[in-house]
Amino acid sequence: MKTKTGYLKLVSMQKRGKTILKDSYAEGAFKITRPVYLTESGEAYFYVMNPGGGYLDGDSYQLELILEERAEVFVTTQSSTKIYKTRACPASQEMVIDLAAGSVFEYLPDPVIAYQHARFKQRTLIRMEPDASLIIADIFTPGWAPDGRFFPYDWLQSKMEVYMDGRLVLFDHVKLEPDRGINSMGFMEGYSHFGTMAVIHEQLDRDFLEELVQWMEPLPDVRIGVSLLSVPGFSLRMLANSTQAIENVLFGCHEVIRKKLFQKEPVFLRKY
Amino acid sequence: MAITMDSQLLALLQLTDSNFPSGAFSHSYGLETYIQDGAVFNKETFFEWMRTYLERQLAYTDGLACRFAIDFFLKVELERIWELDQKLYAMNLPEETRLANRRIGDRLIQMGKDIFPVPFLETYRMKIRKGEAYGHPAIVFASICDYLSIDRHQTILTFLYSTVGTLVQNGVRGIPLGQTAGQQILLELHPHLIQTVKQIEEMAPDDFGAAAPGIEIAQMRHERLCVRLFMS
């Protein structure tokens, strides 16, 4: 097998109400911070760093996360993931996540920015116990030229599979190609930015989702779709013209979910 | 049993006849959202929408699923059919569309079973009843065509045609448009249907499920439309 550009493995466990790092291993251009604790609830926050700066032809990154029973982990990035010209061989990122009983995993990375001629493939595999919880989001944006115009990338592909008790409960596949003019209706609808979020939590029901919809429907400059999954949870997709418009929705949803479902305080990710 | 070309043709005509009670006439697959948003309002905009739906949504989801199912039936790989059924259900993020496919799949199994003695359909029905499968029109359609020894190309083409044909009829009622405009749109879609079959044949298995984001969002938003003519 070809060596990865960056590989990271993280095993976390719960000890007296606090999530600690049990084991970690990093190789190549992928680094992760020691856990930090931003709230009183004991969940561990990790920041993934890519000292290489951006993804180039043939770069491949792999991230493996294991959450043992009742471990609570929040992962984000230190800055956006930049994909440069990768026409010869698409850049790729793979995540494998195992969530044991009662664990909580939150993943809210910075946007993936795809520059001209960028090709990027992302795969996520999640295996979870029915009482584990999951919040996972992504933002895909085009890179911009110095004059502020957006560069059209070639394509961005993201595939996520979630298995619960060995059964595939969510298969989320998007392959974005900037609108090619004629077929813009139905595809990107003329928007440039794409955001997605999936949430799975035992207590998530229709009433909760309706409450969330009431909160986000009036938000400007975004086109949002949200629907219940076949397991307690929902999937959200949105189109917009700026990262900020998407982050407003994602962070807002995240706060409501933390407050109403997790009974936890909101968190402010200090990055800069 | 020798099945002649003519009887194959007749079977396909019957399966795709708008009188065939699949229940698909109750579903717009997101089209109604576009109509209410004012984005689809005449022949031109409707044709544009139909083309995107066919080439960038249906092709990557149910169309490719139909191709997979034909292959699995040919090779008698039933386990892979059940995997496909599970995947089709799990990848359909809008709840209404997920349930629509399930409902239409169920109706097709029932009807198919009553008119063609396809042994698979009884197995499928039992599996669904036990909660081990969900039911999907692409799989049912492929199983009937496999039973009738209809070739792969024609099976995919006919499956796409029947889906698109019903949607055009639904558009004619929902927008509304004249029957002539509807028939003209359907005719104009012919070369695109042929092209889409070719596109499906050339797809990598990895392309499966890459749905069009705009249409997916519209299918999700349909749940919250105030006045609805269609169930999805």
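For the peptides B:132-142, A:215-225, A:122-132, the ranking by mean Cβ contacts within 10 Å, running from highest to lowest, is B:132-142, A:122-132, A:215-225.
The trypsin sites (Lys or Arg not before Pro) of the range B:4-94 that meet both conditions, a loop assignment by DSSP and at most 13 other Cβ atoms within 10 Å of the site Cβ, are B:LYS75. A straight Cα-to-Cα reach below 24 Å connects B:LYS113 with the lysines B:LYS75, B:LYS87, B:LYS127, B:LYS130, residues fewer than 8 places away in its own chain not being considered. The length gained on full extension between B:THR45 and B:THR180, counted as 0.36 nm times the residue separation minus their Cα-Cα distance, comes to 47.0 nm. Shielding by partners for peptide B:44-51, expressed as the average number of C-beta atoms from other protein chains within 10 Å of each residue's C-beta, is 2.
Counting only whole DSSP H helices of chain B, the ones at least 20 Å long by C-alpha along their axis and with mean Kyte-Doolittle hydropathy no lower than -1.0 are B:95-115, B:152-174, B:179-202. Each of A:HIS117, B:HIS222 was scored by other Cβ atoms within 10 Å of its Cβ. Listed from fewest to most, they are A:HIS117, B:HIS222.
For the peptide B:81-91, the mean number of other protein chain Cβ atoms found within 10 angstrom of a residue's Cβ is 3. Where Rh is the Kirkwood radius over the Cα pairs of chain A, the temperature 10 °C and the viscosity 1.306 mPa s, what D in µm²/s does Stokes-Einstein return? Approximately 83 µm²/s, per Stokes-Einstein. Between A:THR81, A:THR33, A:THR19, the GNM of chain A built on Cα springs shorter than 10 angstrom shows A:THR33 fluctuating the most.
Extents of the range A:201-267, largest first, come to 33, 28, 16 Å (Cα atoms, principal axes, whole angstrom). Projecting the Cα atoms of A:PRO146, A:ALA44, A:THR19 onto the dipole axis of the range A:6-190, where Lys and Arg carry +1 and Asp and Glu carry -1 at the beta carbon, places A:PRO146 farthest toward the positive end.
Taking the Cα-to-Cβ direction at A:GLU255 and at B:GLN195 and moving 7 Å from each Cα, how far apart do the two end points lie in nm? Each label point lies 7 Å from its Cα, and together they span 4.7 nm. By the beta-carbon count within 10 Å of each Cβ, the least crowded to most crowded order of B:ARG98, B:ARG152, fewest first, is B:ARG152, B:ARG98. Normalised by the number of residues in the range A:201-267, the mean separation of alpha-carbon contacts (under 8 Å, six or more apart) gives a relative contact order of 29 percent.
What is the mean number of Cβ atoms from other protein chains located within 10 Å of the Cβ atom of each residue in peptide B:92-100, rounded to a whole number? If you can, show how the numbers build up before the last one.
Working: counts 4, 16, 6, 9, 1, 1, 4, 1, 0.
Per residue, the number of nearby Cβ atoms from other chains is 5 on average.
Would the range A:147-221 count as rounded, prolate or oblate if I go by the C-alpha gyration tensor, calling it rounded below 1.5 in a/c and otherwise prolate when a/b exceeds b/c, oblate otherwise? Cα axes put the range A:147-221 in the oblate bin.
Which of A:LYS121/A:LYS175; A:LYS82/A:LYS121; A:LYS159/A:LYS259 have a Cα-Cα distance over 20 Å? Each step should come with its number before you reach the end.
Values: A:LYS121/A:LYS175 9 Å; A:LYS82/A:LYS121 13 Å; A:LYS159/A:LYS259 29 Å.
Checking Cα-Cα distances, A:LYS159/A:LYS259 exceed 20 Å.
Of the residues B:MET111, A:MET238, B:MET126, A:MET160, the one with the fewest other Cβ atoms within 10 Å heads the list, and the complete ranking is B:MET126, B:MET111, A:MET160, A:MET238. Determine which residues of the range B:135-171 fall in the zone a paramagnetic label at B:THR123 would reach in this model, i.e. backbone nitrogen under 14 Å from the point 7 Å along Cα→Cβ. Output list for this probe position: B:140, B:143-144, B:146-147.
Coordinate-derived values only; no laboratory data. Quantities reported herein were computed from a predicted structural model and do not represent experimental measurements. Cβ atoms come from the backbone with ideal geometry, glycine included; neighbour counts cover every protein chain shown.
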